[in-house]
Amino acid sequence: MELGALKAEIEAAIAAAGSPEALEAVRVAELGRKGRITELVKSLGTLPPEERPRAGQAYNELKREIEAAIAARRAALEAAALEARLARERTDVTLPARERPEGRIHPVSQVTEEIVAIFADMGFTVAEGPDVEDDWHNFEALNIPPEHPARQMQDTFYLESRDAQGQPLLLRTHTSPVQIRTMRAGKPPFRIIAPGRVYRRDYDMTHTPMFHQVEGLVIDRRTHMGHLKGCLTEFVRAFFERDDVPVRFRPSYFPFTEPSAEMDVGCRRSKDELVVGEGSDWLEILGCGMVHPRVLEAVGLDPDVWQGFAFGMGIDRVAMLKYGIPDLRTFFEGDLRWLEHYGFRPLEVPTTFGGLSR
Ligand code: DAH
């Protein structure tokens with residue numbers, strides 16, 4: 001075939017290739033190992049020697065032109081594909097933002113985040129334990145003797161499965177077993193809080209069979225009651241977002257602490273209102289104390305070297321107090337109108353510097 005005609009034919013094929021694949025097929029047919037131009041170049045050897053230089057030059061020129069034409073076509077196809085994709089994936093950022101239906105953060109989640117934010121600022125980390133516990137972690141290691149009322153069937157949900165000791169497993173009745181797990185798993189000093197679900201057989205305005213607690217534990221060589229008071233006073237003031245919340249500690253009893261105390265916050269009670277942070281009434285808010293030496297011994301710590309304090313607080317309860325929610329049972333009914341009213345805006349993460357509740 002005459003070179004000019006061949007070139008025209010190939011150029012037409014290149015122009016007609018509508019996709020990268022079609023173009024590649026043209027390239028292989030002309031420039032591939034068995035392509036027509038390749039065969040032409042290979043056939044140089046069969047020409048009489050005096051014709052070879054001119055023919056060689058012409059073939060090479062044809063080859064370069066076709067290569068250039070293919071490259072140009074490929075670039076054009078790619079540009080067109082990009083344009084098409086940009087057009088397809090176009091977002092009109094000039095559209096005004098529309099009010100979209102939006103979820104709400106449940107008060108329990110909100111208050112948990114607030115508590116974590118405050119204690120994180122004081123250097124605590126968050127620890128976790130399982131909801132299904134065994135007798136040893138939930139009671140025994142916490143110095144709760146077998147005849148203790150908390151062990152009786154009306155308080156604790158027992159499961160049918162048993163642990164290796166043959167004791168029935170149970171739903172943890174408090175977050176205190178996380179103290180035990182934390183101390184067993186790591187090395188002192190400890191400074192943790194453990195928020196989570198707990199379970200008791202109870203149901204009325206202020207009790208539900210599942211509720212939430214947060215446990216706190218500080219163990220070090222020289223921790224004393226003064227640290228406990230300072231830490232919890234600081235917490236309560238940060239939590240209720242008032243620097244002047246009156247607090248008092250009353251002697252109390254818990255098997256896992258000695259001495260034990262309950263912490264009250266000052267409040268004002270009227271007919272159907274409760275304001276925390278002022279007034280002459282007191283409201284119990286948490287239990288606390290110095291970790292009992294027997295608890296330390298149970299986890300293999302020497303009570304002559306290590307000591308510290310612990311506390312336990314009802315998350316739902318402080319949520320009710322802080323946000324004026326009268327009935328605990330409504331927390332777990334999943335009523336959207338309730339959540340719309342008492343819930344929090346998503347993405348407004350509580351921080352001690354940016355504000356806890358806003
Ligand atoms: N575990 C107790 C409860 O469920 C709360 C508690 C009281 C936890 C005193 C503690 C503590 O760590 O020191 O009522």
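Residues considered: V236, V299, V247. Of these, the only one that is of a type outside the set (S, T, N, Q), in contact with a helix residue (DSSP H, G or I) (Cβ under 6 Å, 6 or more places away or on another chain) and free of Cβ contacts under 8 Å to residues at least 60 places away in the same chain is V247. Scanning the stretch 300-348 for residues that are of a type in the set (V, I, T) and surrounded by fewer than 13 Cβ atoms within 10 Å (Cβ to Cβ) gives a single hit, V305.
Among the residues of the stretch 287-332, those that are more than 14 Å from the ligand (Cβ to nearest atom) and on the phi > 0 side of the Ramachandran plot comprise G300, G324. For the subset of the stretch 178-223 comprising residues that are under 23 Å from the mean Cα position of the chain (by Cα) and charged (D, E, K, R), which member is surrounded by the fewest Cβ atoms within 10 Å (Cβ to Cβ)? Among them, the one singled out is R197. So for the stretch 118-136 (the condition being in a helix (DSSP H, G or I), under 21 Å from F311 (Cα atoms), aliphatic (A, V, I, L, M) and out of contact with any strand residue (DSSP E or B) (no Cβ under 7 Å at 6 or more places or on another chain)), does at least one residue qualify? Yes, there is a match, as at least one residue in the stretch 118-136 is in a helix (DSSP H, G or I), under 21 Å from F311 (Cα atoms), aliphatic (A, V, I, L, M) and out of contact with any strand residue (DSSP E or B) (no Cβ under 7 Å at 6 or more places or on another chain). Scanning the stretch 164-177 for residues that are crowded, with 16+ Cβ neighbours inside 10 Å and more than 16 Å from the ligand (Cβ to nearest atom) yields a single hit, L169. S161 meets the conditions (1) free of Cβ contacts under 8 Å to residues at least 24 places away in the same chain; (2) within 13 Å of the ligand (Cβ to nearest atom) in every case but one. The failed one is (2). When the stretch 230-248 is filtered for residues that are within 13 Å of the ligand (Cβ to nearest atom) and farther than 29 Å from R329 by Cα, only C231 remains. For W136, the criteria (1) free of Cβ contacts under 8 Å to residues at least 24 places away in the same chain; (2) surrounded by fewer than 18 Cβ atoms within 10 Å (Cβ to Cβ) hold in every case but one, which is (1). Each residue in the stretch 117-133 was checked for being surrounded by fewer than 21 Cβ atoms within 10 Å (Cβ to Cβ) and farther than 30 Å from F240 by Cβ, and 2 of them qualify. If the condition is being within 16 Å of R200 (Cβ to Cβ) and either away from the ligand (no atom under 13 Å from the Cβ) or of a type in the set (V, I, T) (or both), then the stretch 136-150 contributes only I144. Counted as qualifying within the stretch 1-115 are the helices (runs of 4 or more DSSP H) with 2 or more residues that are touching a residue at least 24 places away in the same chain (Cβ under 8 Å), β-branched (V, I, T) and outside the structural domain of H212 (by TED's automatic domain parsing), namely 3-16, 52-88. Is the stretch 182-198 home to any residue that is farther than 17 Å from F119 by Cα and part of a strand (DSSP E or B)? For the stretch 182-198, residues farther than 17 Å from F119 by Cα and part of a strand (DSSP E or B): present. Could we say that F211 is more than 12 Å from the ligand (Cβ to nearest atom) and either among the hydroxyl-bearing types (S, T, Y) or in contact with a Gly (Cβ under 9 Å, 6 or more places away or on another chain) (or both) here? When the stated conditions are applied, F211 does not pass them.
Within the stretch 279-299, being under 19 Å from C267 (Cβ atoms) and either surrounded by fewer than 19 Cβ atoms within 10 Å (Cβ to Cβ) or not assigned by TED's automatic domain parsing to the domain that holds V265 (or both) holds for G279, S280, D281, W282, L283, E284.
The values are calculated or read from the model by the stated rules, or taken from the named source; none is laboratory data. Predicted model only: the values in this text are computed from it and were never measured. Positions of Cβ are backbone-derived with ideal geometry, glycine not excepted, and every protein chain shown enters the neighbour counts.
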